[in-house]
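Working notes, beginning with the structure itself.
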Amino acid sequence: MTDEKSFVEIRHAQKAFGKLEVLKDISLSVDKGQIVGIIGSSGSGKSTLLRAINDLDPLTGGEVWLDGVEVNQKLPHRQYEKHINQMRQQVGMVFQHFNLFPHMTARENVTMAPMLLKGLSKDEANTLAEEQLDNVGMLERIDYYPSQLSGGQKQRVAIARALAMKPKLMLFDEATSALDPELVEEVNQVMRKLAEQHMTMIIVTHEMDFAASVCDRVLFMDQGVVVEEGPPSMLFKNPTQPRTREFLRKHLENAK
Amino acid sequence: MGLDFSMVPKYLDIILLGCAYTIGITVAAAILSFFGGIVFAVIALYAPWVIRQPFRLVAWIFMGTPLLLQLFLIYFGLVQVGIDLPAVVAGIIGLGLHFAVYNSELIQTAILSVDKGQMEAARTLGLSRGEALRKVVIPQAVRDVIPPISNNMIALLKDSALVSVIGVSELTLSAQRVIGKTYRPFEFYLLAAAFYYVINLAMEWVQRKIERRISISR
């Protein structure tokens with residue numbers, strides 16, 4: 001009866017909207033420091049799976065564990081709210097559309113949550129913001145508002161904002177899909193840097209080259225199931241499943 | 001008989017005092033209506049049913065009945081239950097709550113139209129829903145409604161003349177009192193109108209200042 005859990009452990013995840021099943025019994029484990037990519041066409045359930053990890057889209061069945069704690073455990077409403085807020089502090093998330101707070105400068109975007117939730121003083125928070133924004137190459141723009149930044153710059157600030165909470169795990173939900181092609185690389189670079197620092201990451205992406213170069217493991221999802229998974233060298237070069245082959249072929253055609 | 005403004009200097013102090021009352025009541029009621037509007041909006045959108053339903057009834061009373069009646073209710077009516085408010089306070093509360101209900105309607109719409117990614121991003125950082133509303137959603141909603149709220153505030157300035165009926169010597173009533181002594185209605189009503197116009201200009205100036213300050217941060 002060993003019940004060893006990985007750092008991130010998803011067990012029999014199910015998600016249904018009425019009769020529509022978006023996730024059909026998905027299990028996934030991620031070790032500390034591992035980088036997992038999730039690919040698949042839109043509607044395959046990959047974003048839903050990612051958003052289930054911090055309970056942004058609650059599962060209708062199954063369990064999510066992070067570092068030995070059950071994320072979506074059954075608790076009375078108030079207790080659950082407290083618990084989930086605690087869990088979410090440990091999970092950074094980066095969105096396709098950045099979702100920076102437009103009424104705050106880059107600095108304030110980064111400092112708000114640590115000051116409010118971790119009780120950092122203004123000085124401590126400012127030091128943290130400088131550190132985190134420097135880390136993503138945005139120190140010169142620290143007092144700019146999001147409306148004054150390019151898409152790539154916004155996303156870098158959004159990554160700094162997430163990292164300022166010192167998360168154990170980072171989730172990327174198509175972090176570069178909304179960017180102009182020439183701005184993708186600056187965000188990818190920041191993510192590569194994070195990979196070198198052994199941050200545990202789960203990355204939903206449309207960029208096969210990027211997934212191939214940073215991920216330890218890649219999952220291909222289709223219609224709510226994981227069709228195939230493996231190291232990128234295998235999955236991209238020698239996919240065993242016809243659906244994977246079809247997806248990759250179409251993707252290559254579109255890229256041309 | 002033409003216009004004769006020669007009596008104006010003699011009674012200017014009364015008019016100016018009335019002006020001061022009008023400004024004071026308008027500013028106090030505007031502040032009450034602004035923060036009250038935010039509180040009402042949050043109640044209307046997020047409070048549990050048992051709070052929301054009685055609240056809707058109160059909101060209907062404030063929107064569906066004349067402000068004049070509401071001022072009577074607050075000033076004369078509440079005395080019967082032992083709440084004896086000074087006329088100025090009753091006036092500020094009446095105007096403030098009346099316009100809070102209107103502001104609340106605007107703010108509710110604005111809260112609902114803030115991109116839901118904002119709430120998600122805040123929740124993802126670990127903020128509770130209340131914290132996310134306070135720090136992220138409501139500040140943005142309020143920015144969006146500064147222009148229509150400013151319009152409400154100008155309506156509030158004009159409606160502040162109604163508190164004269166409960167005996168507050170604001171600008172309109174002051175003009176009336178001077179007219180009672182001088183029999184010069186045209187001159188002194190015009191003078192009062194001029195003062196309203198100036199206050200109006202000042203309010204528009206403040207509105208523009210606020211809008212300019214927030215235009216960068218949206």
Solvent exposure of chain B as accessible area per residue, Å², 1.4 Å probe: 51 Å²
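With all protein chains present, how much of the accessible area of segment A:59-191 (probe radius 1.4 Å) comes from carbon and sulfur, to the nearest whole percent?
46 percent
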Normalised contact order of chain A, rounded percent, pairs of Cα under 8 Å and 6 or more residues apart: 25 percent
Reduction of at least 50 Å² in accessible surface, 1.4 Å probe, comparing all protein chains with the chain by itself, residues of segment A:84-98: A:N85, A:R88
Percent breakdown of C-alpha pair distances by 5 Å bin, ordered from the shortest bin, for segment A:1-92: 3, 13, 24, 25, 20, 12, 4, 0
Cα-based reach from A:K237 at 19 Å (exclusive), listing lysines while leaving out same-chain residues under 8 positions away: A:K250, A:K256
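What fraction, in whole percent, of alpha-carbon pairs in segment B:1-59 exceed 13 Å separation? Don't skip to the end; give the middle numbers.
Working: 1252 of 1711 pairs.
Percent of Cα pairs beyond 13 Å in segment B:1-59: 73.
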Chain A, Rg to Rh (Cα coordinates; Rh as Kirkwood inverse mean 1/r): 0.97
Along each principal axis, Cα extent of segment B:53-118, largest first, Å: 50, 23, 20
Relative contact order of segment B:24-170, pairs being alpha-carbon contacts under 8 Å that are 6 or more residues apart, as %: 35 percent
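Check segment B:97-218 and count each lysine pair with an alpha-carbon distance under 29 angstrom, considering only pairs eight or more places apart or from different chains.
5
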Where chain A is the region considered: accessible area per residue in Å², 1.4 Å probe: 47 Å²
Long-range tail of P(r) for the protein assembly as shown (Cα pairs > 38 Å, %): 43 percent
10 Å Cβ neighbours from other chains, averaged over peptide A:152-162: 1
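Taking a threshold of 21 Å on the Cα-Cα distance, which of the pairs A:K5/A:K32; A:K46/A:K193; A:K166/A:K193 fall above it?
Check vs 21 Å cut-off fails for A:K46/A:K193.
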Residues of segment A:100-137 buried by at least 20 Å² on assembly (accessible area, 1.4 Å probe, chain alone as reference): A:F101, A:P102, A:H103, A:M112, A:A113, A:L116, A:L117
Most to least accessible of B:R212, A:R245, A:R217, A:R88 (protein chains only, probe 1.4 Å): B:R212, A:R245, A:R217, A:R88
Anchor A:K168: aspartates and glutamates whose Cα lies under 12 Å away (excluding residues fewer than 8 positions away in-chain): A:D31, A:D67
Charge dipole magnitude, Cβ of K and R +1, D and E -1 - chain B, Cα centre, debye nearest 20: 500 debye
Span-rule helices in chain B, defined as complete DSSP H runs reaching 15 Å or more along the axis (Cα) with Kyte mean at least 1.0: B:8-46, B:87-113
Residue-by-residue Karplus 3J(HN,Hα) for segment A:242-249, coefficients 6.51, -1.76, 1.60, Hz, glycine and proline x: x, 5, 5, 4, 4, 4, 5, 5
Directionally averaged projected area (convex hull, Cα atoms, segment B:147-200), nm²: 3.9 nm²
Largest-first principal axis extents, alpha carbons of segment A:104-256, Å: 56, 30, 26
Mean Cα-pair separation over length for segment A:33-140, i.e. relative contact order, pairs under 8 Å, 6 or more apart, %: 12 percent
Cα convex hull of segment B:24-170 - mean projected area over all directions, nm²: 9.4 nm²
For segment A:178-256, convex hull volume per residue from C-alpha positions, Å³: 107 Å³
Listed residues B:G18, B:A193, B:T109: farthest to the positive end of the dipole of chain B (Cβ charges): B:T109
Within 10 Å of each Cβ in B:55-63, the average number of Cβ atoms from other chains: 0
Whole-Hz couplings from phi, Karplus 6.51/-1.76/1.60, listed for segment A:116-125; x for Gly and Pro: 6, 9, 10, x, 5, 6, 4, 5, 4, 5
Helix-derived mean residue ellipticity, 222 nm - over chain B, DSSP H n ≥ 4, -39500 (n - 2.57), to 500: -25000 deg cm²/dmol
A versus B: buried accessible surface, summed, Å² (probe 1.4 Å, to nearest 100): 2100 Å²
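Per-residue Cβ counts within 10 Å, from other chains only, averaged over B:126-134: what number is that?
Mean shielding count: 4.
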Percent breakdown of C-alpha pair distances by 5 Å bin, ordered from the shortest bin, for segment B:1-100: 2, 12, 15, 17, 17, 12, 8, 6, 4, 3, 2, 1, 0, 0
Listed residues B:L78, B:L16, B:L95, most fluctuating in chain B (Gaussian network, C-alpha, under 10 Å): B:L78
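The values are calculated or read from the model by the stated rules, or taken from the named source; none is laboratory data. Please read all numbers here as calculations on a predicted model, not as lab measurements. Using ideal geometry, Cβ is built from the backbone for each residue, glycine included, and neighbour counts are taken over all protein chains shown. When the accessible area is computed, the model is the full protein with side chains, heavy atoms only, and any ligands, DNA or RNA have been set aside. Shrake-Rupley method; radii C 1.70, N 1.55, O 1.52, S 1.80 Å.
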